[in-house]
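Participant: Can you keep this structure in mind? I'll have questions shortly.
The values are calculated or read from the model by the stated rules, or taken from the named source; none is laboratory data. Here the structure is a predicted model, which means the values were calculated and not measured. Neighbour counts run over all protein chains shown; Cβ positions are idealised from the backbone, glycine included.
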Amino acid sequence: MSQSSTLSPAPVAGTRDTSRHGGAPLLVIGAGPKAVALAVKSSVLRAAGFDVPEVVAVERDRTAANWLAGRGWTNGRQRLGTLPEKDLGFPYDCTTWGEPQDPVTGEIAQRMAGFSWAGHLQDRGLYARWIDRGRPQPSHREWADYLQWAADRSGLRTVPGEVRAAELRDGTWTLTVEDGAEHHAVHGRGLLVSGPGPAAGAVPADGTRVLDTAGFWKLAVEGFPDWARTVIVVGAGETAGTIVRELALGQDRKVTVVAPRATLYSRGESPFENRYYSDPTGWAGLSEADRQEFIRRTDRAVFSQEVQSDLALTSNVSWEPGRVIGTRPADGQVAVEIAYGERHLVHRADLVVDATGGDALWFTGLLGPRAEDALRDALGGAVTRERIERSIDASLAVPGLPAPLHLPNLAALAQGPGFPNLSSLGLLSDRVLARYVPGVPTDDRAAAGARSGGRTAATATAHGLNHMDTWGAVQR
């Protein structure tokens, strides 16, 4: 059965209506942290008088599903690698939307504080208990509860189903969504791709002795087998780190990590590194080589300091520098071929887990002919990760397309290291939504000018609204 959503305020029976608040929405693939952050900021900005699009997420499961057991990325008990105070509103700098002294910026910050991690705990009656326990990192399951709470409060709408195609038509995006036996279309003025995508995989998984990330967490939830006493984990990023921690500490198994560099590096988290995550002002002024090195040192192929601290408690973890080039069965075990420089060696283990992460270009497989041609034209050649990363503009989108395609997971090199992860969700939502408000600047130079007292191009006062009266009405 085929259906089509409309943008009409009075849709016919059986269609998907995505036209609330008087216009086509911003579509997001996946109802995860980025979608929730955008929905929260959109609802706050509309309440403050800004004409921004509503956010509609297409989700095949449920809000924050990847943070819960059963979706292949965690067992829900792992602890969050980012400070929970870096929540949906962080860094709470609202000068994208007005001068520092403008009442609207204070109003937006106050409204956003109502969606904070602390606000969630207060609403649940858990804030004092969390403080008294020393502000521990929440588990992934607890973080999912926070995201679901914020999504409900902000009114995030989700369209159930899985996106099968994304096409450009008449300056808008049309998503073909499969929900069971039904197919329907969802339309929006912009599209944001979130989520890690399917695992890329350095070695083919067989579902028994060689597992991908999803296969590992499925096994961990069902019960880890006794025969898997020695495990090789391929990869050295945060996905691998959580798997190593679960194996070494949660399951008491011997683990060898195959990492591409000399050792298992920890993520740089001094105030100097963190500053670029919270505030990327000046990031584009760094040389590309320095930006690449910064990202490599602080975010890619590194374990968080919390994972490193946990692993220091066990002697179950060793590592081998190099890259896995193949696996083969070997007398009831798996032989893993590793190349490092001119050296080739073989390690054996009962189980191999490929934790090399997701495919950053997974969304390109959804693009229809017009969208694919438009993206190729915008990039000036073949669609490659390098071309996209260098092209991303201040709104975290590829410039030159008929309708915005926001790719925050690929925005680190061009716009700042915090956009692909949880480090600056509030700034991410400002950058994206400002794209849809004429005259509002999004680049770091404009933001720096606003923070120093310079005039931004537009504020809600330009709409003739009394913001503090609006805020008071909400409080009442």
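Participant: What's the total number of residues in the range 244-266 that are of a type in the set (Gly, Ala, Ser) and assigned to a helix (DSSP H, G or I)?
Facilitator: 2
Participant: Related question: Among the helices (runs of 4 or more DSSP H) contained in the range 376-434, which hold 3 or more residues that are in contact (Cβ under 8 Å) with a residue 24 or more places away in the chain, more than 14 Å from residue 361 (Cα to Cα) and in the same structural domain as residue 172 (by TED's automatic domain parsing)?
Facilitator: Result: 412-415, 425-434.
Participant: Same structure, new question: Please work out if residue 182 is in the same structural domain as residue 26 (by TED's automatic domain parsing) and touching a helix residue (DSSP H, G or I) at 6+ places or on another chain (Cβ under 6 Å).
Facilitator: So residue 182 does not fit the description; no.
Participant: So which residues in the range 296-318 are in a helix (DSSP H, G or I), closer than 22 Å to residue 232 by Cα and in contact (Cβ under 8 Å) with a residue 40 or more places away in the chain, if there are any at all?
Facilitator: Answer for the range 296-318, where residues must be in a helix (DSSP H, G or I), closer than 22 Å to residue 232 by Cα and in contact (Cβ under 8 Å) with a residue 40 or more places away in the chain: 306, 307, 308, 310, 311.
Participant: Sticking with this one: Could you please give the count of residues in the range 94-135 that are assigned to a loop (DSSP other than H, G, I, E, B), surrounded by fewer than 23 Cβ atoms within 10 Å (Cβ to Cβ) and modelled with pLDDT of 95 or more?
Facilitator: 7
Participant: Collect the residues in the range 168-215 that are assigned to a strand (DSSP E or B), under 21 Å from the mean Cα position of the chain (by Cα) and farther than 18 Å from residue 56 by Cβ, keeping them in residue-number order.
Facilitator: Residues satisfying the conditions are 199, 212.
Participant: Given 293, 273, 269, which one is at pLDDT 90 or above and either in a strand (DSSP E or B) or out of contact with any Leu (no Cβ under 9 Å at 6 or more places or on another chain) (or both)?
Facilitator: Result of the check over 293, 273, 269: 293.
Participant: Going through 39, 31 one at a time, which residue ends up being assigned to a loop (DSSP other than H, G, I, E, B), touching a residue at least 40 places away in the same chain (Cβ under 8 Å) and in contact with a Ser or Thr (Cβ under 7 Å, 6 or more places away or on another chain)?
Facilitator: Matching residue, one of 39, 31: 31.
Participant: Within the range 319-373, how many residues turn out to be outside any helix (DSSP H, G or I), acidic (Asp, Glu) and either free of Cβ contacts under 8 Å to residues at least 60 places away in the same chain or surrounded by fewer than 17 Cβ atoms within 10 Å (Cβ to Cβ) (or both)?
Facilitator: So the answer is 5.
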